[in-house]
Amino acid sequence: MGKVLERLRLQGFLDRTPDGVWIVTLKFFERFIAEQSVQAGDPAPDAESGGTTTLLDELLVDTPSRTLLITVRGDSMNGANIFEGDVVVVERQTTASPGEIVVAAVDGELTVKRLKRDAQGWLLHPENPSYADIRPKGGLELVGVVTGLARRFRRSAP
């Protein structure tokens, strides 16, 4: 087992802490990203004909210390292509611009909505016509701005 661990260390997948405990490195979490983008229209040539590796965090997270991942419940944001079970990537901050999708605390519960402003002040707008706008009665307590989204389409067969 020691030879395998040492080979993984030499390849950059494992390292040792000062007290000798084996830990995985960021390279362990790298995933292949094709050099070429994929067409949503006419088919493109082979997308695996080159490319680099990346970490999903590099694609979705700007500031790890200020980032939350929150699972979406409900269908009020379907019009923004945010569906139940999706995981929104939220950069914690207390300010946002009108039009941004935010996570806010309303009556002690978190909600994800589009932030809007009108003559009466700030409101949270759902992207589903079945739901009404939310106009906070007190101050608006923003948790953060949605900066990304993770969605799994299917699970691998067992």
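We did not get these values from a lab; they are worked out from the coordinates using the rules stated. The shown structure was predicted, so the numbers you read here are calculated from the model rather than taken from an experiment. Methodologically, a virtual Cβ is constructed for each residue, glycine included, from the backbone with ideal geometry; neighbour enumeration extends over all protein chains shown.
Sorting 83, 13 on the 10 Å Cβ count, fewest up front, what's the list?
Fewest-to-most Cβ neighbours within 10 Å comes out as 83, 13.
Full-extension gain between residue 97 and residue 116, please, as 0.36 nm times their residue separation minus the C-alpha to C-alpha distance.
6.0 nm
Whose amide H sits under 5 Å from the amide H of residue 144, counting only residues 5 or more places off or on another chain, with H placed in the peptide plane?
HN-HN under 5 Å from residue 144: 93, 103.
May I have the extent of the alpha carbons of the stretch 64-150 along their three principal axes, as whole Å values ordered from largest to smallest?
Extents along the principal axes: 34, 30, 23 Å.
What is the spin-label model distance, in nm, from residue 128 to residue 84 if the labels are put 7 Å beyond Cα along the C-beta direction?
0.7 nm
Between residue 70 and residue 54, what length in nm is gained on full extension when 0.36 nm per residue of separation is reduced by their alpha carbon distance?
Here the segment from residue 70 to residue 54 would lengthen by 3.5 nm.
Among the trypsin sites (Lys or Arg not before Pro) within the stretch 109-138, which fall in a DSSP loop and have no more than 11 other Cβ atoms within 10 Å of their own Cβ?
Answer by residue number: 137.
Exposed loop GluC sites (Glu not before Pro) only (DSSP loop, at most 11 other Cβ atoms within 10 Å): please give the longest stretch of the chain free of them, not including the sites.
Excluding the exposed sites themselves, the longest stretch runs over 49-158.
Using the Cα atoms as the points, what is the convex hull volume per residue of the chain in Å³?
216 Å³
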